[in-house]
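Input: a single structure, listed below in structure tokens.
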Amino acid sequence: MNILSVDSSGTVQIGDSNQITPETKIFAIQREQPIFKGNEYEDLSSFSLYSQSLPTPLLTEAINHVTVHENPVIKVNSIQVLGVAASGVVHVGSTRTIQAESRVKNIREFFTDPNEGNE
């Protein structure tokens, strides 16, 4: 297995697991000029994105599943992964539950109107 990068709550799990619950909260400010005070939005609770509950899908139908392991070994030549980030999971094995959450807020601040002169 060749993985180039794992970042921002990304998970690589080799082997069986019971539960994987990666969580990421990302806040990004892009400014026309790189002027930062150092205390930009220290308290993310002012953004409802980070405190809203996530809807849980309702399973309304039964799922029938039958697995037959005629050969208990899975073989592959190679696995190539460029990157795992923002609560992504690369998992080789079995798991009971994976519940991943990623919340991203991007803000762009301009000192001049970006649409000016495009009319």
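Projecting the Cα atoms of N2, N115, P72 onto the charge dipole of the chain (Cβ charges, centred on the Cα centre) puts P72 farthest toward the positive pole. Spelling out what I want: for every residue of the range 96-103, take phi, set θ = phi - 60°, compute 6.51 cos²θ - 1.76 cosθ + 1.60 (Karplus), and round to whole Hz; glycine and proline get x. Each residue's phi maps through the Karplus curve to give 7, 9, 10, 10, 9, 9, 9, 10 Hz. Of all lysines in the structure, the ones whose alpha carbon falls short of 25 Å from that of K105, not counting any fewer than 8 places away in one chain, are K25, K37.
Between V6 and V84, the built amide H atoms are under 5 Å apart, and every one of these is 5 or more places off in sequence or on another chain. Under 5 Å from the amide H of T24 lie the amide H atoms of E101, S102, R103, each residue being 5 or more positions distant or on a separate chain, with H modelled from the backbone and absent for Pro and chain starts.
For percent of Cα pairs over 17 Å apart, the value calculated from this model appears in (i) 74; (ii) 66; (iii) 51 under label (i).
Charge tally around K37: other residues with Cβ under 14 Å, Lys/Arg +1 each, Asp/Glu -1 each, net -2.
No value in this document is a laboratory result; all are computed from the given coordinates. Treat the numbers as computed from the prediction; the structure is a model and nothing was measured. Quick reminder, even Gly has a Cβ in these numbers, built from the backbone with ideal geometry, and neighbours come from all protein chains shown.
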